[in-house]
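Only one structure is covered here, and it is reproduced in the block below.
The values are calculated or read from the model by the stated rules, or taken from the named source; none is laboratory data. Since the model is a prediction, treat every value here as computed from it, not as a measurement. Virtual Cβ from ideal backbone geometry, glycine too; neighbours counted across all protein chains shown. These accessible areas exclude ligands, DNA and RNA; they are computed on the full protein's heavy atoms, side chains included. Shrake-Rupley method; radii C 1.70, N 1.55, O 1.52, S 1.80 Å.
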Number of protein chains: 2
Amino acid sequence: MNKSPAEDFALTCPASENGDDRIQMAHGGGGRTMERLLDTIIRPGFDNPQLNERHDGAILGLSGPLAFTTDSYVVQPLFFPGGDIGTLAVNGTVNDLAMCGARPSDLSVGLILEEGLPLETLRRVVDSMRRAADAAGVRLVTGDTKVVDHGKADGLYINTAGVGPLASGHVIGPASVQPGDTIILSGDIGRHGVAVMAAREGFGFETVIESDCAPVAASVLGLIETGIVVHCLRDLTRGGLASAVVEIAETAGVSINLDEAAIPVRDDVRAACEILGLDPLHVANEGRFIAIVGDGDADSALDALRHHSVSADAVVIGRVDGGQPGEVTSRGPLGVDRVIDMLSGEQLPRIC
Amino acid sequence: MNKSPAEDFALTCPASENGDDRIQMAHGGGGRTMERLLDTIIRPGFDNPQLNERHDGAILGLSGPLAFTTDSYVVQPLFFPGGDIGTLAVNGTVNDLAMCGARPSDLSVGLILEEGLPLETLRRVVDSMRRAADAAGVRLVTGDTKVVDHGKADGLYINTAGVGPLASGHVIGPASVQPGDTIILSGDIGRHGVAVMAAREGFGFETVIESDCAPVAASVLGLIETGIVVHCLRDLTRGGLASAVVEIAETAGVSINLDEAAIPVRDDVRAACEILGLDPLHVANEGRFIAIVGDGDADSALDALRHHSVSADAVVIGRVDGGQPGEVTSRGPLGVDRVIDMLSGEQLPRIC
């Protein structure tokens, strides 16, 4: 195991015994064929010395308190404009740690591979994960690979779990949200959901809409480091901005008023949503979040967020109020309020 | 969220909107239907206040150094004598932490559910996970639920990741293994693999063979607390005892000699293996491990392990030598050595 992992990866030597460049059940069996897969694609792809110790787990030198989070990724299709399931699996968990006010540090990777998956697909995904990890400044330190029969998965599913030390001494979460607080959105919404939907259904819009998938930890940590007391952070994934705001209002026992005209939606995204019958407020994002801060801190928070490209277009989109607990309203362009709720189900399944 | 989760769980109110007691795509959508699933089955089932905060992750008060590990579970069938996918998903990750010399503390849970899965099945699995977590003394602190289309999973898949503080100041792993060391096995082997195989294929052996699935952390921590320097620990899951020993010999650059007559295999398990054409050395276990210690520590290590029911039958099964690096031999009952290797693939796929 003293070979350079990068060299191994460049060789892209076949991981199968019989020259068939597809995942076989034996790749999940714990024997030689699985070892070969790990040695030729997984370990060199993730390029981390801890994985090369071939032990049951990784040892981390972190000291607490820590945030700990997990997500599984089942997006379909696996590749879409602006990202793929690998990018998503790293950024999604990095962003969940950031939403806890933590500095993302180490990720685990659980792969569930379908028999018949082209090894080249796995290579591309592993490579995306490493690039995303490098970009977000996290390490992929421990992992697991399982194989299920053909027809029992959809190419591959990925789970990542992540840990990171808290960067803030304050409790960041719905419990800290108070009437009078300001709600800041980090940028335009709706691109991830529309990008995946368009790729899945083969829609050809005039422009290619790319997912907003990106790590937001640096932006969030920059905000925390200014010393501003951040009350709550939430990324706008499944269920979109609407679900995030409603869930916070319900958990915190406050009402929230949004200013719909202030919420940025790109023209091409809005047009696509109209064609598809989607409300941008409910469409998933993978690089967007809201930050809730005290009213007096809003301007400094906007300044801090706008220093990072991922949140360069941060804007105030609403206020927290002491009205009916859990009620979220949005004032439309004509000055009329409408009630915003979570959807019952999902307009875009398997978006992440 | 101030209701008693236990009350909610007892009510087993339907998590679906239309009275259909099966998982629907909407249960993974991030909207009201998903919230209802989380509120009626997942959160009360896991019974942990941290999950009720409805935040993106859990905050842990641990301080390092920590072990961090993950495994996905795709066992088929979901239920088998002696356990189910839920028991396995907790004990497997608890045991991986123990193999790092860590005290298992907190687990994440990622569920991938197939559309059409009976909610009752999910309830049973969640309940198993909670019982297993209670038995192992760990908390299920953060989680994620995804739903995939009917036919794109096999009922459900589970990923767990776990963290725990190191209980030993020594490096426990293949790097610490030296010629002269003694190899101790914690008990009889082969039961998990045979139990799952029999359940899957519907074989009716004379006796029902139950999986050995169990948490081994208390036994391992007891060993470490005696002050004995444990060189390496390894649980005997996929690939069985053979794969574990070969992998350690290869990574440590040592040879290993096993005494086959000393390796406990129950008569019914041996008979089942003969019928199925399996070698017990390659069959997966989920509550068995080897501990490698210095020769002078073997007797005290056996004493310590035998204090715990999960390792009451611990025995010495072999020695580490300075022969051909990576070579594992086993002396049979007639005094003849055979070479032990990993299998190429897997005799029992989807065993965990």
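With both labels modelled 7 Å from their Cα along Cα-to-Cβ, the A:Glu201 to B:Arg306 distance reads 6.9 nm.
Under a Cβ-Cβ cut-off of 11 Å, what is the net charge of the residues other than B:Gly86 that fall near it, where Lys and Arg count +1 and Asp and Glu count -1? The answer is +2. Of the residues A:Leu140, A:Leu236, A:Leu60, the one that moves most in a GNM of chain A with alpha-carbon contacts below 10 Å is A:Leu60. Buried accessible area for the B:A pair, summed, 1.4 Å probe, in Å² rounded to 100? Summing both chains' loss of accessible area gives about 6200 Å². Per-residue Karplus couplings for the range B:41-49, computed as 6.51 cos²θ - 1.76 cosθ + 1.60 with θ equal to phi - 60°, are listed in order as 10, 6, 5, x, x, 7, 6, 9, x Hz, Gly and Pro entered as x. Taking the inverse of the mean 1/r over every pair of distinct Cα atoms in the range A:268-307 gives a Kirkwood hydrodynamic radius of 12.6 Å. Projected onto their three principal axes, the Cα atoms of the protein assembly as shown cover extents of 91, 55, 46 Å, largest first. Dividing the alpha-carbon radius of gyration of the range A:168-269 by the rule-of-thumb value 2.2 N^0.38 Å gives 1.24. For chain A, the longest principal axis of the alpha carbon atoms and the long axis of helix A:267-276 meet at an angle near 80°. Against chain B, whose longest principal axis is taken from its Cα atoms, helix B:240-252 shows a tilt of about 70°. Residues of the range B:85-116 that bury at least 10 Å² of accessible area once all protein chains are present, compared with their chain alone (1.4 Å probe, heavy atoms only, ligands and nucleic acids left out), are B:Asp96, B:Met99, B:Cys100, B:Ser108, B:Gly110, B:Ile112.
Accessible area per residue, 1.4 Å probe, Å², for the range A:174-340: what's the number? Solvent-accessible surface per residue comes out at 38 Å².
Considering all different alpha carbon pairs of the range A:9-165, the Kirkwood hydrodynamic radius works out to 15.8 Å.
On the range B:9-165, 48 percent of the accessible area sits on carbon and sulfur atoms, based on a 1.4 Å probe. Ordering A:His308, A:His27 by accessible surface, largest first, gives A:His308, A:His27; the 1.4 Å probe counts only protein heavy atoms, with every chain in place. Going from the chain on its own to the full set of protein chains, the range B:19-48 has these residues losing 50 Å² or more of accessible surface (heavy atoms, 1.4 Å probe, no ligands, DNA or RNA): B:Gly29, B:Arg32. Once Rh is set to the Kirkwood radius over Cα pairs, what Stokes-Einstein translational diffusion coefficient, in µm²/s, holds for chain B at a temperature of 37 °C and a viscosity of 0.692 mPa s? It comes out at roughly 155 µm²/s. Mind running the shape call on the range A:116-180? Use the C-alpha gyration tensor, a ≥ b ≥ c as the square roots of the eigenvalues: rounded below 1.5 for a/c, prolate if a/b tops b/c, oblate otherwise. Prolate. Loop-located GluC sites (Glu not before Pro) in the range B:109-206 (DSSP state other than H, G, I, E, B) with a sparse environment of at most 14 neighbouring Cβ atoms within 10 Å: B:Glu206. Straight-distance candidates among the aspartates and glutamates for linking to A:Lys152, with alpha-carbon spacing under 17 Å and chain neighbours fewer than 8 residues away dropped: A:Glu114, A:Glu115, B:Glu114, B:Glu115, B:Asp149, B:Asp154.
Among the protein heavy atoms of the range A:174-340, carbon and sulfur supply 48% of the accessible surface, probe 1.4 Å, non-protein parts ignored.
Note on the protein assembly as shown: helix-only mean residue ellipticity at 222 nm, from DSSP H runs of 4+ residues weighted -39500 (n - 2.57) and normalised by residue number, equals -8500 deg cm²/dmol.
Shown in residue order for the range A:144-154 are the 3J(HN,Hα) couplings computed by the Karplus curve 6.51 cos²θ - 1.76 cosθ + 1.60 at θ = phi - 60°: 8, 10, 10, 10, 10, 4, 3, x, 10, 7, 10 Hz (x for Gly and Pro).
Taking Cα atoms, how many degrees apart are the long axis of helix B:85-99 and the longest axis of chain B, rounded to 10 and kept between 0 and 90? Value to nearest ten degrees: 50. The 3J(HN,Hα) values that the Karplus relation (6.51, -1.76, 1.60; θ = phi - 60°) gives for the range A:117-122 are, in residue order, 4, x, 4, 5, 5, 4 Hz. Gly and Pro appear as x. Considering only A:Gly202, A:Gly180, A:Gly193, the mean-square fluctuation computed in a Gaussian network model of chain A, springs between alpha carbons under 10 angstrom, is largest for A:Gly202. In terms of its alpha-carbon gyration tensor, the range A:174-340 comes out oblate; a/c meets the 1.5 threshold, while b/c is at least as large as a/b.
Of the residues B:Glu260, A:Glu250, B:Glu35, ranked by 1.4 Å probe accessible area with the largest first, the sequence reads A:Glu250, B:Glu260, B:Glu35.
Kirkwood hydrodynamic radius computed over the range A:80-157 comes to 13.2 Å, based on all pairs of distinct alpha carbons.
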